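**Q** Can you keep this structure in mind? I'll have questions shortly.
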Amino acid sequence: MSRPRLIKESSEASAPLERELLVRIHDLMVKTRVLEERLIQMYKQGHGYFWIGGPGEEAFNVSLGLLMKKGQGPDFDYLHAHYRQSGTLLALGEEPIGSLRQMKNTATDPYSGGRNFAGHYSARKYNVAPVSSPIEVQYAIAPGTAMVQKRHGGDGITIVTGGDAGTAEGDFASCLVWSSRPANPLPILIIVTNNKWGISTAAEGQHGEQRISDRGKAFGIRSKTINGNDAVEAYTELREAMAYVRTERKPFLLEANVSRLYGHSSASGANYVGNEVDCLKDFEAKLEKDGVLTREQMDALRNNYTEEMAAAARLVRDEPQPDPESIWKHIYAEDK
Amino acid sequence: MANMAQAIRMALHYAEEHLGVTDIFGEDVGAPLGGVFTCTQGLKTTWNSPLDERGIIGAAMGIAMAGGRPVAEIQFCDYVYNTIDLLKLAGNTSWSTFGDWNLPMVVRTPVGSGIRGSIYHSHSFDATMTHIAGWKVVMPSTPLDAYGLLITACQEKNPVMFLEPKALLRVKGEERIPGEPDDERALSKLIDAPLGDRSQWKPQWPAGLEAYAVPFGKGKIVREGTQLTVVSYGRTLPLCAKAAETLAADGISAEVIDLRSLWPYDWELIKASVQKTGRVLFVNEDTEVTNFGEHLVRRTVEELFYSLLAPPRLLAGKFLPGIGLADALEMASVPQLGDITTAIRSLAGEQP
């Protein structure tokens, strides 16, 4: 299969985004934020055991989901995600109620049947590999899907994401090594969302490198650090990086600086952190200033989603828990 | 007759040609070496990976996710320990995603003592591996079983850990692999890479290799007996068979079972034998504390207590941090023929 090439790649990257796209990004950012706030509320009301998610990463994660080539199999993009990416899943087309079901660990939880934590998605229909609690293991796995895609041909790529603290794990180094082997460089977009924290440990006490993206240089991997809190920058830079990986079939390391608006997880209280940049607030100010949306429109949108999530939460509350006998299901793959 | 390394190589060749194996890889698995034990010489999908066990297991998982069928090698099982969480993840992927994903992948790794491998090339992995749910775990003791179990492994939809008893890799089999030439020297000439420059060498694979498959979960009785049962696998299995043969001259009739599959395992075969003999000895060489044989002892006690004429016993490796290089140290650390013979004799003589 021939490799498609994008014409005028760089000018595309810097082109302003269409109004329709800005509205779409905003809609998904609001939807994601409201979902995460509902999940936190459910946790605090005792309707779940643990919350972890990505309020503060919506600008980046929504853009990523919108730009992915969505489908199943090596012709489409693989996502080896971490547990702060509900925005990416919603942008791919998932319904928020799935996340609520996972929080309530009901039998209807579409991602794990009540077995796994919040934000631990698995969606084979979209090539979303199962999210795992041990951080950074996805960096060791992702080169495998990229290898199959390279051999398969076409323009499907592998995307792997993780946090800054986890880059201290050897799996991150494995990913850099395996993605840039001279024998077989891989079509893989290696993403680090840098919120500058590892639970309660500040990055500045643990990481000597100036930028995490600098680590790509040693491997000859094209790399960049961007402001992941700016929706327009996140979208355009992701688009450029993905175009490079898609056409050149080589790795790209993208570091996105993002915020962590509710702390690490329910383990650290899941309360709003006031001194972080709020990507949604910033984006809404910009949209209002540019005349894309009015404050009233944006407030109405948030209210609609708030009501929608509340209704979904009420529905989920009455759904059955998994049957204890279901523990024996799917230990091994069955004939389908 | 082929040795186990040759049998593994032929099975992998068959799997590349007929079962969709796409990647056979690991440290030194590809040209020019073809594996430190020569198990992957001349195969067409082999490649050399970075010296990174976590990368190897991770890549196998990714390849399996994307529709490939990988057979990864960890050069010695002693080095697979730093991948334990990835093995756990591979084992729980189907379960944790409620069947959304499955991983058709095989990991091969040499295990156990017998080559004077000292502390880091002599360890066993059966106890650790059978602790990780979601995998299928096998260990052959003959070339034919190695061939047949590997054919099955390469048809599996689930992760399979294929443990290779390194002491037996060079032992010629007594049974012919379907399709291999009668003359072992002819076979060697066809598929063993020459020493020195191999850049121009290509193997000539026996044309008649067949999809001979040993099903998982089926052990076999390698020697019938009436007075006691010995259950083993891997390196210690032929020693058990030999001990039983020797003791037959003394009037001790031992039934010897080769378990072959550790998970799932053939409980029905063990059960029927123990109900017949009333005595059972489990033999392997992994360290004795929290040993897979202990699970078998527990199950024997719980389910077959009233059939027993003597307490079930376990003969395993000593609970040591390693195996020393000196011949005497290795021999003293893991069961040898004499230990097995003594254990069988003792069990046979025990009266209720």
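**Q** What is the percent carbon and sulfur in the accessible area of region B:200-254, measuring with a 1.4 Å probe over the protein chains and ignoring ligands?
**A** In region B:200-254, the share of accessible area belonging to carbon and sulfur is 49 percent.
**Q** Sum up the lysine pairs in region B:197-352 that clear both bars: alpha-carbon distance under 18 Å and a spacing of 8 or more or different chains.
**A** Pairs that pass both the separation and distance tests number 4.
**Q** Given a 1.4 angstrom probe, what's the average accessible area per residue across region A:216-336, in square angstrom?
**A** 51
**Q** Looking at A:ASN227, B:LEU12, A:GLY71, which one has the Cα that reaches farthest to the positive end of the dipole of the protein assembly as shown (charges on Cβ: Lys, Arg +1; Asp, Glu -1)?
**A** Sorting the options by dipole projection puts first B:LEU12.
**Q** Given H placed 1.01 Å from N in the peptide plane, which residues other than close sequence neighbours of A:ILE226 have an amide H under 5 Å from its amide H?
**A** Amide H neighbours of A:ILE226, under 5 Å, 5+ apart: A:GLU255, A:ALA256, A:ASN257.
**Q** Just to confirm, what accessible area per residue do you get for region A:1-159 at 1.4 Å probe, in whole Å²?
**A** Each residue of region A:1-159 exposes 34 Å² on average to a 1.4 Å probe.
**Q** Treating cross-link reach as a plain straight distance, find the lysines whose alpha-carbon is under 21 Å from the alpha-carbon of A:LYS104, omitting any fewer than eight places away in the same chain.
**A** A:LYS31, A:LYS44, A:LYS329
**Q** Moving on to the next point. Tabulate in residue order the Karplus-calculated ³J(HN,Hα) for region A:298-303, using 6.51 cos²θ - 1.76 cosθ + 1.60 with θ = phi - 60°, rounded to whole Hz; enter x for Gly and Pro.
**A** 6, 5, 5, 4, 4, 4
**Q** Let me ask you something else. If the cut-off is a Cα-Cα distance under 19 Å, which aspartates and glutamates reach B:LYS157, setting aside same-chain residues fewer than 8 apart in sequence?
**A** Within the straight-line limit of under 19 Å, B:LYS157 reaches these aspartates and glutamates: A:GLU334, A:ASP335, B:GLU16, B:GLU17, B:ASP23, B:GLU73, B:ASP100.
**Q** What size of dipole, in debye to the nearest 20, comes out for region B:192-342 about its Cα centre when the only charges are +1 on Lys and Arg C-beta atoms and -1 on Asp and Glu C-beta atoms?
**A** 260
**Q** Hey, any idea what % of region A:20-149's accessible area is carbon plus sulfur with a 1.4 Å probe?
**A** Accessible surface attributable to carbon and sulfur in region A:20-149 totals 49 percent.
**Q** Can you give the relative contact order of chain B as a percent, counting alpha carbon pairs under 8 Å and 6+ residues apart?
**A** 17
**Q** Let me ask something additional. When only the heavy atoms of the protein chains count and the probe is 1.4 Å, how do A:GLU248, B:GLU175 rank by accessible area, highest first?
**A** From most accessible down to least: B:GLU175, A:GLU248.
**Q** Kirkwood hydrodynamic radius (Cα pairs, Å) of region A:191-336?
**A** 19.6
**Q** Quick one: divide the alpha-carbon radius of gyration of region B:4-67 by 2.2 N^0.38 Å and tell me what you get.
**A** My calculation over the Cα atoms of region B:4-67 gives 1.08.
**Q** Let me test this: with uniform point scatterers at the alpha carbons of region B:127-257, what is the Debye-based log₁₀ I(q)/I(0) at q = 0.17 1/Å?
**A** Calculated log10 I(q)/I(0) at the listed q: -1.05.
**Q** Still on this structure: Calculate how many DSSP beta bridges within region A:148-288 are antiparallel, expressed in % of all such bridges and rounded to the nearest 5.
**A** Once the DSSP bridges in region A:148-288 are tallied, antiparallel ones form about 10 percent.
**Q** Computing the accessible area with a 1.4 Å probe over protein heavy atoms, can you report the carbon and sulfur percentage for region A:262-336?
**A** Carbon plus sulfur share of accessible area: 53 percent.
**Q** For the protein assembly as shown, what does the helix formula give at 222 nm: sum of -39500 (n - 2.57) over DSSP H segments with n ≥ 4, over the residue count, nearest 500 deg cm²/dmol?
**A** -11500 deg cm²/dmol
**Q** OK, next. How many percent of DSSP beta bridges within chain B run antiparallel, rounded to 5?
**A** 15
**Q** Normalising by the residue count of region A:196-305, find the relative contact order in percent from Cα pairs under 8 Å and 6+ residues apart.
**A** Result for region A:196-305 is 21 percent.
**Q** Could you derive backbone 3J(HN,Hα) for region A:189-201 from the dihedral phi with the Karplus parameters 6.51, -1.76 and 1.60 (θ = phi - 60°), listing whole Hz in sequence and x where the residue is Gly or Pro?
**A** Listing the rounded values in order: 9, 9, 10, 10, 8, 9, 9, 6, 9, x, 6, 10, 9 Hz.
**Q** Please check: in the Gaussian network model of chain B (C-alpha springs, under 10 Å), which one of B:ALA326, B:ALA64, B:ALA72 has the largest mean-square fluctuation.
**A** B:ALA326
**Q** Relative to the first principal axis of the alpha-carbon coordinates of chain B, what is the inclination of helix B:292-304, with its axis defined by its Cα atoms, in degrees from 0 to 90 and to the nearest 10?
**A** That works out to roughly 50 degrees.
**Q** Tilt of helix B:236-248 relative to the longest C-alpha principal axis of chain B, in degrees (0 to 90, nearest 10)?
**A** The two axes meet at around 40 degrees.
**Q** On a full-extension model of 0.36 nm per residue, what is the gain between B:ALA133 and B:LEU337, subtracting their alpha-carbon distance, rounded to one decimal in nm?
**A** My answer for the length gained is 70.2 nm.
**Q** If you put +1 on each Lys and Arg Cβ and -1 on each Asp and Glu Cβ, how big is the dipole of the protein assembly as shown around its Cα centre, in Debye rounded to 20?
**A** Magnitude of the dipole: close to 580 debye.
**Q** What is the interface area between chains B and A, defined as buried accessible area summed over both chains with a 1.4 Å probe, reported in Å² to the nearest 100?
**A** The buried area between B and A, both sides summed, comes to about 3300 Å².
**Q** Moving on to the next point. Can you list the lysines whose alpha carbon sits under 23 Å from that of A:LYS196, skipping same-chain ones fewer than 8 residues off?
**A** Straight-distance partners of A:LYS196: A:LYS217, A:LYS224, A:LYS281.
**Q** So who's got an amide H within less than 5 Å of the one on B:VAL230, skipping anything under 5 residues away but keeping other chains? H placed 1.01 Å off N, in plane.
**A** Here B:GLU255, B:VAL256, B:ILE257, B:LEU281 satisfy the definition.
**Q** Accessible area per residue for chain B in Å², computed with a 1.4 Å probe and the full protein assembly in place, what is it?
**A** 38
**Q** A further question on this structure: Applying the Karplus parametrisation 6.51 cos²θ - 1.76 cosθ + 1.60 with θ = phi - 60° to the phi angles of region A:265-274, what ³J(HN,Hα) value in whole Hz is obtained for each residue in order, glycine and proline being reported as x?
**A** Karplus-based 3J(HN,Hα) across region A:265-274 equals 5, 4, 5, 10, x, 6, 9, 4, 9, x Hz.
**Q** Among A:TYR332, A:LEU315, A:ALA107, which residue has its Cα furthest toward the positive end of the charge dipole of chain A, with +1 on Lys/Arg Cβ and -1 on Asp/Glu Cβ?
**A** A:TYR332
**Q** To continue, here is another question. If you count the DSSP beta bridges with both ends in the protein assembly as shown, what percent of them are antiparallel, to the nearest 5?
**A** Among the beta bridges of the protein assembly as shown, antiparallel pairing accounts for roughly 15 percent.
**Q** May I pose another question? What FRET efficiency would be calculated for the residue pair A:GLU308, B:HIS295, taking the C-beta separation as r and a Förster radius of 45 Å, to the nearest 0.05?
**A** 0.30
**Q** What's the magnitude of the charge dipole for region B:33-179 around its Cα centre, counting Lys and Arg as +1 and Asp and Glu as -1 at the beta-carbon? Answer in Debye, nearest 20.
**A** About 260 debye.
**Q** Relative contact order, percent, of region B:271-352 when contacts are C-alpha pairs under 8 Å separated by at least 6 residues?
**A** Averaging sequence separation for qualifying contacts and normalising by length gives 37 percent for region B:271-352.
The values are calculated or read from the model by the stated rules, or taken from the named source; none is laboratory data. Here the structure is a predicted model, which means the values were calculated and not measured. Cβ coordinates were reconstructed from backbone atoms using ideal geometry, including for glycine residues, and neighbour counts include every protein chain displayed. All accessible areas refer to the heavy atoms of the entire protein, side chains included, with ligands and DNA or RNA removed. Shrake-Rupley method; radii C 1.70, N 1.55, O 1.52, S 1.80 Å.
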